[in-house]
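Novice: Mind having a look at this structure? Questions to follow.
The values are calculated or read from the model by the stated rules, or taken from the named source; none is laboratory data. Since the model is a prediction, treat every value here as computed from it, not as a measurement. Note that each Cβ is placed from the backbone with ideal geometry, even for glycine, and that neighbours are counted across all protein chains shown.
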Amino acid sequence: MESQWQQKWLEMGLDRTQENPKQPKFYALSMFPYPSGNLHMGHVRNYTITDVIARLKRMQGHRVLHPMGWDAFGLPAENAAIDRGIPPAQWTYQNIAHMKGQLQRLGLSLDWEREVTTCSPDYYRWTQWLFLQFYEAGLAYQKEAAVNWDPIDQTVLANEQVDSEGRSWRSGAKVERKLLRQWFLKITDYAEQLLQDLDQLDGWPERVKLMQANWIGKSVGAYLEFPIVGLEEKIGVFTTRPDTVYGVSYVVLAPEHPLTPQVTTTAQKQAVEQFIQEVSQESELERTAEDKPKRGIFTGGKAINPFNGQEVPILIADYVLYEYGTGAVMGVPAHDVRDFEFATKYDLPITTVIMPAEGDASEPLAAAYTDPGIMVNSGPFDGTPSGEGKTKVIEYAEQQGYGKARIQYRLRDWLISRQRYWGCPIPVIHCPDCGIVPVPDEELPVTLPDNVEFTGRGASPLSQLEDWVNVKCPTCGGDAKRETDTMDTFIDSSWYFLRYTDAKNEQDVFTPQKVNDWMPVDQYVGGIEHAILHLLYSRFFTKVLRDRGLLNFDEPFKRLLTQGMVQAMTYKNPETGKYVVPSQVTAVEEVNSETGKAETVYYEKGTETQLSVFFEKMSKSKYNGIDPAEVLSKYGADTARMFILFKAPPEKDLEWDDADVEGQFRFLNRVWRLVDEFVNHPSSAKKKQKTGELTKAEKDLRRAIHTAIKEVSDDLEGDYQFNTAVSELMKLSNALNDADCKDSPIYREGIEALVLLLAPFAPHIVEELWERLGGKGSVHQQAWLRYDPEALVVDEIDLVIQVMGKKRDVIQVPASATKAELEEFARSSEKIQGYLEGKEIRKVIVVPGKLINFVVG
């Protein structure tokens with residue numbers, strides 16, 4: 001039945017966006033998937049959520065853009081080429097075909113005519129064109145930067161190809177850090193805009209905005225310069241605590257800092273070089289890990305603190321990275337936790353320059369003092385509050401030429417170079433005479449060659465293809481070479497949502513009219529793991545293209561929903577730390593010796609080891625994954641969708657439970673039976689209009705119908721509380737099942753309302769039910785229901801009558817009755833008269849709309 005109605009739905013063209021300019025637009029977007037080959041339950045949840053929103057908006061009268069595509073470049077395809085001996089394109093496209101079929105089984109109302117695939121030349125042609133827009137704007141440049149280097153395979157490694165011990169995934173060699181000339185985008189030019197415009201994003205979760213703000217990391221402080229003894233150069237540092245500058249007892253350079261060789265004395269040269277070699281074999285994460293002891297070494301050189309003239313030693317340390325800030329820091333151990341530990345380890349002076357108002361600066365510190373206080377041992381600034389001192393020290397530095405005020409960001413320029421094949425080629429040519437020359441627009445795309453051998457060793461496969469690399473310079477016609485780096489795949493996903501608006505345009509990246517009409521995205525749905533980089537890069541792209549005159553909006557995504565993970569029961573051996581396959585688990589009922597209650601305990605088969613059991617994110621490596629194909633085959637797409645939506649609010653983690661899946665399966669079957677019984681009822685088709693006053697049963701049912709319409713509509717706006725919306729549908733089905741007016745047209749109203757309200761959630765079964773009810777056209781083309789406020793008005797209520805606090809009767813009374821009228825109705829009850837006869841009524845307590853209590857003597 002499901003496949004039959006899905007096919008009909010597709011043939012009717014309901015997945016095609018009807019671009020009626022008179023209708024308000026709504027752009028519903030899920031983060032597009034990487035074509036790994038199989039959908040997982042995280043995909044199912046993401047796309048189901050967005051699909052319900054898209055279907056709802058269509059029924060509410062919007063023209064809806066709900067597209068899908070493939071984030072298809074990336075390292076896994078290249079690894080597959082190495083392991084399987086097949087081209088990356090072949091592996092990618094066969095995965096796309098399989099996953100597309102899986103998506104279609106879910107009954108998603110996607111506009112497949114707008115499908116984009118980032119590894120297709122008709123897409124990456126425009127990715128290259130956009131790169132050249134950045135280059136023309138001065139926002140793309142080359143400089144040296146560190147990469148992960150496998151010294152055995154002689155190749156660059158991605159971070160995910162380096163294990164937790166810092167070794168290569170393939171050769172097992174200890175990975176080194178090596179400098180290569182690479183391409184960057186100047187995202188730092190937009191740091192302040194990216195930070196300030198977070199205030200525009202009212203529809204984003206606060207924690208996501210906070211994560212972005214922290215990643216941008218705006219710091220207000222000072223740039224200060226420390227002269228080097230015996231050299232003309234100075235060491236520049238950035239600090240947010242210029243008030244502590246008189247407490248500087250050493251300066252630290254990054255091992256990669258260009259001044260490191262110059263400040264290193266002959267006596268220390270060998271030790272410093274050995275230290276640099278050791279640090280080069282550590283990843284950035286290893287070097288900056290909070291729980292890792294910081295290592296350093298004296299260079300023998302000295303710097304001068306210009307504020308007090310003191311000479312301080314210059315060290316290099318593993319925790320200072322050249323790519324961050326100035327590549328140098330001033331050490332103030334008395335007032336920085338990390339500096340205090342470092343100074344203690346290397347026996348460096350610790351001088352207190354900030355102290356509490358009641359403190360004693362002569363007493364040695366047991367730990368770094370980081371709170372505000374009064375400046376001491378700070379020359380002319382003694383006695384100055386530290387907050388005020390920051391400003392005064394900066395003013396003094398500017399007057400004396402020691403430094404200046406500066407705003408700095410944690411955000412670094414975006415390194416987009418990848419020394420790999422399966423990515424978008426960077427469209428520039430290197431000419432010995434002309435320098436860097438952009439590939440002319442008419443020669444785009446620069447396509448990836450097919451005749452590539454994948455070994456996982458040596459330089460990038462592209463650099464080894466002389467016929468592809470060697471070209472003529474577009475400017476002078478001389479011999480030149482292509483750029484052999486490809487782009488970071490985050491580039492592809494930073495603008496795909498723009499291409500969807502004009503996906504078939506062969507002349508332009510998109511037309512301004514279409515992109516400005518559909519954008520920004522009204523609702524974006526995706527995982528929290530993309531809260532920083534993907535969203536930040538997409539915002540950056542949007543602002544650059546706006547400044548290039550291609551767009552007229554500031555932000556790409558109005559609203560953001562970050563759905564929670566899908567988790568499943570997981571079994572782990574606490575002794576070995578290994579996960580256990582569910583088929584190797586035995587469940588045993590045992591009595592808990594402490595509570596005396598029976599409980600289920602899990603053991604690994606063939607052992608006496610009790611397993612740890614908990615919910616964890618689905619993963620093949622944890623043996624807790626649920627295959628969507630199996631769920632669809634057993635229950636159908638509608639049940640899978642209903643469970644996904646009902647089990648938890650969309651932003652919360654969802655715990656997979658077969659019993660709850662069964663529950664949704666039974667609910668849909670109940671709805672089917674309700675409609676089936678109604679359709680087959682002899683008088684159901686005759687009584688379509690009601691004349692005269694409604695009976696109490698009809699009023700109650702109509703109230704339940706319009707309550708459901710109101711509550712479901714409210715739940716599907718704002719925060720999208722699908723779980724409570726499904727609960728309301730269950731209540732309505734129960735009310736219909738219990739109704740005493742099944743021959744009434746009100747009952748028909750209720751049946752039709754249930755089907756229409758269920759349409760966005762369970763599209764296949766509802767399409768069938770709608771036809772059985774005699775509905776015209778597709779149910780998904782019907783208008784969304786509006787509730788009747790008058791139907792919610794309660795005419796009568798149940799009044800509980802108590803005598804001395806004990807319930808003695810319940811009667812029906814008008815909802816509008818006054819306290820006096822309620823007392824009169826209560827006194828007229830025959831049951832109550834028996835309890836009151838011969839007794840003095842000392843007090844009558846009336847709770848309007850609920851109860852009356854007679855207090856008697």
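Novice: Give me the residue from the stretch 112-151 that is at pLDDT 95 or above, of a type in the set (Gly, Ala, Ser) and out of contact with any helix residue (DSSP H, G or I) (no Cβ under 6 Å at 6 or more places or on another chain) and, out of that set, farthest from residue 184 (Cα to Cα).
Specialist: Only one residue tops the list, namely 120.
Novice: What are the residues in the stretch 3-34 that are at pLDDT 50 or above and in contact with a Ser or Thr (Cβ under 6 Å, 6 or more places away or on another chain), if any?
Specialist: Selection gives 28, 30.
Novice: Please pick out the residue among 422, 468 that is in contact with a strand residue (DSSP E or B) (Cβ under 8 Å, 6 or more places away or on another chain), in a loop (DSSP other than H, G, I, E, B) and not aliphatic (A, V, I, L, M).
Specialist: 422
Novice: Related question: For residues that are within 22 Å of residue 49 (Cα to Cα), assigned to a loop (DSSP other than H, G, I, E, B) and of a type in the set (A, V, I, L, M), tally how many sit in the stretch 758-801.
Specialist: Residues flagged as within 22 Å of residue 49 (Cα to Cα), assigned to a loop (DSSP other than H, G, I, E, B) and of a type in the set (A, V, I, L, M) within the stretch 758-801 amount to 4.
Novice: Out of the residues in the stretch 270-293 meeting the condition of being among the small types (Gly, Ala, Ser) and surrounded by 16 or more Cβ atoms within 10 Å (Cβ to Cβ), tell me which one is modelled with the highest pLDDT.
Specialist: 280
Novice: Looking at (1) of a type outside the set (S, T, N, Q); (2) free of Cβ contacts under 8 Å to residues at least 12 places away in the same chain; (3) part of a strand (DSSP E or B), which is the only condition residue 480 fails?
Specialist: Exception for residue 480: condition (2).
Novice: Related question: Of the conditions (1) modelled with pLDDT under 85; (2) β-branched (Val, Ile, Thr); (3) part of a strand (DSSP E or B), residue 600 satisfies every one except a single condition; which number is it?
Specialist: Unmet for residue 600, out of (1) modelled with pLDDT under 85; (2) β-branched (Val, Ile, Thr); (3) part of a strand (DSSP E or B): (1).
Novice: In the stretch 375-398, which residues are among the acidic types (Asp, Glu) and part of a loop (DSSP other than H, G, I, E, B)?
Specialist: The one that is among the acidic types (Asp, Glu) and part of a loop (DSSP other than H, G, I, E, B): 382.
Novice: Based on what the data block shows, is residue 810 over 42 Å from the mean Cα position of the chain (by Cα), of a type in the set (Val, Ile, Thr), part of a strand (DSSP E or B) and surrounded by fewer than 18 Cβ atoms within 10 Å (Cβ to Cβ)?
Specialist: yes
Novice: Restricting to the stretch 570-602, give me the number of residues that are within 20 Å of residue 625 (Cα to Cα) and hydrophobic (A, V, I, L, M, F, W, C).
Specialist: Number of matching residues: 4.
Novice: Is it true that some residue in the stretch 115-136 is closer than 23 Å to residue 629 by Cα and either outside any helix (DSSP H, G or I) or hydrophobic (A, V, I, L, M, F, W, C) (or both)?
Specialist: Yes, the stretch 115-136 contains a residue that is closer than 23 Å to residue 629 by Cα and either outside any helix (DSSP H, G or I) or hydrophobic (A, V, I, L, M, F, W, C) (or both).
Novice: Looking at this structure, is residue 91 free of Cβ contacts under 8 Å to residues at least 40 places away in the same chain, in contact with a helix residue (DSSP H, G or I) (Cβ under 6 Å, 6 or more places away or on another chain) and surrounded by 18 or more Cβ atoms within 10 Å (Cβ to Cβ)?
Specialist: Against the criterion (free of Cβ contacts under 8 Å to residues at least 40 places away in the same chain, in contact with a helix residue (DSSP H, G or I) (Cβ under 6 Å, 6 or more places away or on another chain) and surrounded by 18 or more Cβ atoms within 10 Å (Cβ to Cβ)), residue 91 qualifies.
Novice: Go through the stretch 449-472 and report how many residues are aromatic (Phe, Trp, Tyr) and closer than 13 Å to residue 425 by Cβ.
Specialist: Matching residues across the stretch 449-472 total 1.
Novice: Please find, within the stretch 95-106, the residue that is surrounded by the most Cβ atoms within 10 Å (Cβ to Cβ) out of those that are out of contact with any Gly (no Cβ under 8 Å at 6 or more places or on another chain) and either not basic (Lys, Arg) or not in a helix (DSSP H, G or I) (or both).
Specialist: Filtering first and then ranking leaves 106.
Novice: Looking only at residues that are exposed (fewer than 12 other Cβ atoms within 10 Å of the Cβ) and at pLDDT below 95 in the stretch 434-454, which one is farthest from residue 480 (Cα to Cα)?
Specialist: Among residues in the stretch 434-454 that are exposed (fewer than 12 other Cβ atoms within 10 Å of the Cβ) and at pLDDT below 95, the one farthest from residue 480 (Cα to Cα) is 453.
Novice: Still on this structure, I have one more. Would you mind finding the one in 465, 448 that is more than 26 Å from the chain's Cα centre (by Cα), of a type in the set (A, V, I, L, M) and within 17 Å of residue 129 (Cβ to Cβ)?
Specialist: 448
Novice: Something else about it: Going residue by residue through the stretch 189-205, is there one that turns out to be surrounded by 15 or more Cβ atoms within 10 Å (Cβ to Cβ), among the aromatic types (Phe, Trp, Tyr) and at pLDDT below 95?
Specialist: So far as the stretch 189-205 goes, no, none of its residues is surrounded by 15 or more Cβ atoms within 10 Å (Cβ to Cβ), among the aromatic types (Phe, Trp, Tyr) and at pLDDT below 95.
Novice: So, in the stretch 180-224, how many residues would count as being aromatic (Phe, Trp, Tyr), over 19 Å from residue 544 (Cα atoms) and within 23 Å of the chain's Cα centre (by Cα)?
Specialist: Qualifying residue count, the stretch 180-224: 2.
Novice: I've got another one for you. Residue 267 - would you say it is more than 38 Å from the chain's Cα centre (by Cα), surrounded by 17 or more Cβ atoms within 10 Å (Cβ to Cβ), assigned by TED's automatic domain parsing to the domain that holds residue 222 and not in a loop (DSSP other than H, G, I, E, B)?
Specialist: Spelling it out, it is not the case that residue 267 is more than 38 Å from the chain's Cα centre (by Cα), surrounded by 17 or more Cβ atoms within 10 Å (Cβ to Cβ), assigned by TED's automatic domain parsing to the domain that holds residue 222 and not in a loop (DSSP other than H, G, I, E, B).
Novice: Any idea which of 486, 475, 501, 447 is more than 21 Å from residue 126 (Cα to Cα) and touching a strand residue (DSSP E or B) at 6+ places or on another chain (Cβ under 9 Å)?
Specialist: 475
Novice: Oh, and also: Do you know which residues across the stretch 75-94 are part of a helix (DSSP H, G or I), among the β-branched types (Val, Ile, Thr) and within 12 Å of residue 454 (Cβ to Cβ)?
Specialist: Of everything in the stretch 75-94, just one residue is part of a helix (DSSP H, G or I), among the β-branched types (Val, Ile, Thr) and within 12 Å of residue 454 (Cβ to Cβ), namely 82.
Novice: Taking only the stretch 151-161 into account, find how many residues are part of a strand (DSSP E or B) and farther than 15 Å from residue 418 by Cα.
Specialist: 0
Novice: OK, next. I'm told residue 209 meets every condition in (1) surrounded by fewer than 16 Cβ atoms within 10 Å (Cβ to Cβ); (2) of a type in the set (D, E, K, R); (3) closer than 20 Å to residue 188 by Cα except one. Can you identify the failing condition by its number?
Specialist: Here residue 209 meets the rest and fails (1).
Novice: Right, another one. Given the criteria out of contact with any strand residue (DSSP E or B) (no Cβ under 9 Å at 6 or more places or on another chain), in contact (Cβ under 8 Å) with a residue 24 or more places away in the chain and either of a type in the set (Gly, Ala, Ser) or in a strand (DSSP E or B) (or both), does residue 629 qualify?
Specialist: yes
Novice: Specify which of the listed residues (457, 499) is in a loop (DSSP other than H, G, I, E, B) and either surrounded by fewer than 22 Cβ atoms within 10 Å (Cβ to Cβ) or touching a residue at least 60 places away in the same chain (Cβ under 8 Å) (or both).
Specialist: Checking each option against the conditions leaves just 457.
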